[in-house]
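Below: one structure, written as structure tokens.
The values are calculated or read from the model by the stated rules, or taken from the named source; none is laboratory data. These figures come from a predicted structure and were not determined experimentally. Quick reminder, even Gly has a Cβ in these numbers, built from the backbone with ideal geometry, and neighbours come from all protein chains shown. Heads up: the accessible areas ignore ligands, DNA and RNA and are worked out on the full protein's heavy atoms, side chains in. Shrake-Rupley method; radii C 1.70, N 1.55, O 1.52, S 1.80 Å.
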Amino acid sequence: MKFVSWPPLFHEKMIELIQQNKFEDFKEALKNSEDLQIHEYIYDILNDQKVEINDESFSPYGYQIEFLEGLQLFKALEKSEISPDYLKQFSNLLVHLAFLMSAHVQSLAGEAMSQGAYLTDLGHVYRFKVYPEIRDGIQEFMDLLQTRPDEAKAVANLAAAKAKVSSSIGNILEKHEIGEDMLQFAEHFQNVGETEMAARIYQGIMNDFECESVKLSSGIIPEARHVDDRTEKEIEIFSKAKAKFEKLTGQKVQEPNRVHIKENQQHQDVAESVVPAAPSQPQEPLQPQKPNSSESSTPPQSSRPGLLNKIKRIFGKN
């Protein structure tokens, strides 16, 4: 099976009809469409038929293009004279589709990981290619719904769906990108009253965005200094999660004594320039940084420590 860089969409003519508020012609175009299942469901909604979807409503191989097509039509319908009730039904349908899509991606990623590989490397095996741009589509839909009333739960579900996708393709994303999606996930769950879940996510982010030397430390020497090799963006993700966790729970998080590698190098350079014959001796023990397991030949999930496994525990079997 040959993959293209981006799936084709079929909405151009339909969008023209929506923009002209020619809904009868639009329904006729939907009725005659043989391309996508999403067209049939929109047709049913516009004909006042109750629409409910489940795992068998769409082909898993078409989840992404069905969602992207639906998103483009939703964006056009939102600016049209369509009944608000129809639009609400359609948005509910797209939210459910996004969650089905993300659950399928997560499931395949888990299967690939059990074989010591990434889903992005085994697309030909599963006949399923994850388009990284799908994350942008989910985010765009979230941003649209956030401007509408009574959509907080829908937005929270979309945030969860995006986090699932991101954690499933973490090997082709920057670590901070996954962290940002996890923060968003926690924030929106907190907004709908799921405070216990939000606290768990914030705590998980802190664990995953702690520096490696702290993770590998025994903690026997509390005053030990730890080499901090995190990027500024990763430190920012940690700090945001910590602040939100503390505010939400009222608990104070005690942080270890870290020395960032840049700061440590600057101190060393200054000391060597002043007293070149006498190497600087730290007053406190500096916790050595052990080799990162992601550089070994172990299964690839170690390159994103804990994120995928953690999000699986959070979502369960959904």
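What pairs come up if the first residue lies in the range 232-243 and is more than 16 Å from residue 259 (Cβ to Cβ) and of a type in the set (A, V, I, L, M), the second is open to solvent by less than 50 Å² (accessible area, probe 1.4 Å) and assigned to a helix (DSSP H, G or I), and their beta carbons are under 6 Å apart, counting only those six or more places apart or on different chains?
Going by the 6 Å Cβ cut-off, the qualifying pairs are 237/176; 237/179; 241/202; 241/205; 241/206.
Give the residue, chosen from 165, 125, that is part of a helix (DSSP H, G or I), open to solvent by 30 Å² or more (accessible area, probe 1.4 Å) and aliphatic (A, V, I, L, M). Before the answer, list the steps.
On the way: 165 fails: open to solvent by 30 Å² or more (accessible area, probe 1.4 Å).
Answer to the check: 125.
Test residue 227 against the stated conditions and say whether it is over 17 Å from the mean Cα position of the chain (by Cα), in a helix (DSSP H, G or I) and over 26 Å from residue 140 (Cα atoms). Lay out the reasoning, then the answer.
Values: over 17 Å from the mean Cα position of the chain (by Cα): yes; in a helix (DSSP H, G or I): no; over 26 Å from residue 140 (Cα atoms): yes.
For residue 227, the condition - over 17 Å from the mean Cα position of the chain (by Cα), in a helix (DSSP H, G or I) and over 26 Å from residue 140 (Cα atoms) - is not met.
Residue-wise test of (1) within 22 Å of residue 232 (Cβ to Cβ); (2) outside any helix (DSSP H, G or I); (3) open to solvent by 10 Å² or more (accessible area, probe 1.4 Å); (4) not aromatic (Phe, Trp, Tyr).
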| site | (1), (2), (3), (4) |
| --- | --- |
| 176 | yes, no, yes, yes |
| 179 | yes, no, no, yes |
| 187 | yes, no, yes, yes |
| 193 | no, yes, yes, yes |
| 197 | no, no, yes, yes |
| 204 | yes, no, no, yes |
| 213 | yes, no, no, yes |
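Looking at 81, 16, can you tell me which residue is open to solvent by 20 Å² or more (accessible area, probe 1.4 Å) and outside any helix (DSSP H, G or I)? First the steps, then the outcome.
On the way: 16 fails: outside any helix (DSSP H, G or I).
Matching residue, one of 81, 16: 81.
Could you check how many residues of the range 19-30 are in a helix (DSSP H, G or I) and surrounded by fewer than 12 Cβ atoms within 10 Å (Cβ to Cβ)?
In the first step, residues of the range 19-30 are kept if they are in a helix (DSSP H, G or I); the result is 19, 23-30.
Those left that are additionally surrounded by fewer than 12 Cβ atoms within 10 Å (Cβ to Cβ): 24.
Going through the range 19-30 one residue at a time, the tally reaches 1.
Residue 79: touching an Asp or Glu at 6+ places or on another chain (Cβ under 9 Å) and at pLDDT 95 or above, yes or no?
Working: touching an Asp or Glu at 6+ places or on another chain (Cβ under 9 Å): no; at pLDDT 95 or above: yes.
For residue 79, the condition - touching an Asp or Glu at 6+ places or on another chain (Cβ under 9 Å) and at pLDDT 95 or above - is not met.
Please go through the range 91-105 and give me each residue that is open to solvent by 10 Å² or more (accessible area, probe 1.4 Å) and either without any contact (Cβ under 8 Å) to a residue 40 or more places away in the chain or in contact with an Asp or Glu (Cβ under 7 Å, 6 or more places away or on another chain) (or both), ordered by number.
Correct list: 100 only.
Counting only residues that are β-branched (Val, Ile, Thr) and over 19 Å from residue 171 (Cα atoms), which one in the range 109-152 is nearest to the chain's Cα centre (by Cα)?
Kept after step one, since they are β-branched (Val, Ile, Thr), are these residues of the range 109-152: 120, 125, 130, 134, 138, 147.
When the remaining residues are screened for being over 19 Å from residue 171 (Cα atoms), the result is 138, 147.
Details: 138: 9, 147: 21 Å.
So, considering only residues that are β-branched (Val, Ile, Thr) and over 19 Å from residue 171 (Cα atoms), the one nearest to the chain's Cα centre (by Cα) is 138.
If you scan the range 152-162, which residues turn out to be open to solvent by 10 Å² or more (accessible area, probe 1.4 Å) and either touching a Phe, Trp or Tyr at 6+ places or on another chain (Cβ under 7 Å) or outside any helix (DSSP H, G or I) (or both)? If you could, list the steps in order and put the result at the bottom.
Here is the first cut: in the range 152-162, the ones open to solvent by 10 Å² or more (accessible area, probe 1.4 Å) are 152-154, 157, 162.
Correct list: 157 only.
If you take the residues of the range 115-166 that are of a type in the set (Phe, Trp, Tyr) and farther than 17 Å from residue 97 by Cα, which of them is modelled with the lowest pLDDT?
Quick first cut of the range 115-166, residues of a type in the set (Phe, Trp, Tyr) only: 118, 126, 128, 131, 141.
With the extra rule that they be farther than 17 Å from residue 97 by Cα, the set shrinks to 118, 126.
Numbers: 118: 93, 126: 77.
Among residues in the range 115-166 that are of a type in the set (Phe, Trp, Tyr) and farther than 17 Å from residue 97 by Cα, the one modelled with the lowest pLDDT is 126.
Determine whether residue 88 is touching a helix residue (DSSP H, G or I) at 6+ places or on another chain (Cβ under 7 Å) and either part of a helix (DSSP H, G or I) or in contact (Cβ under 8 Å) with a residue 12 or more places away in the chain (or both).
Numbers: touching a helix residue (DSSP H, G or I) at 6+ places or on another chain (Cβ under 7 Å): no; either part of a helix (DSSP H, G or I) or in contact (Cβ under 8 Å) with a residue 12 or more places away in the chain (or both): yes.
For residue 88, the condition - touching a helix residue (DSSP H, G or I) at 6+ places or on another chain (Cβ under 7 Å) and either part of a helix (DSSP H, G or I) or in contact (Cβ under 8 Å) with a residue 12 or more places away in the chain (or both) - is not met.
Any residue at all in the range 97-113 that's modelled with pLDDT of 95 or more and acidic (Asp, Glu)?
no
Exactly one condition in (1) open to solvent by 20 Å² or more (accessible area, probe 1.4 Å); (2) of a type outside the set (Lys, Arg); (3) assigned to a helix (DSSP H, G or I) is false for residue 108; which is it?
It fails just one condition, (1).
What is the one condition in (1) closer than 18 Å to residue 66 by Cβ; (2) part of a helix (DSSP H, G or I); (3) open to solvent by 10 Å² or more (accessible area, probe 1.4 Å) that residue 171 does not satisfy?
So residue 171 meets the others, but not (1).
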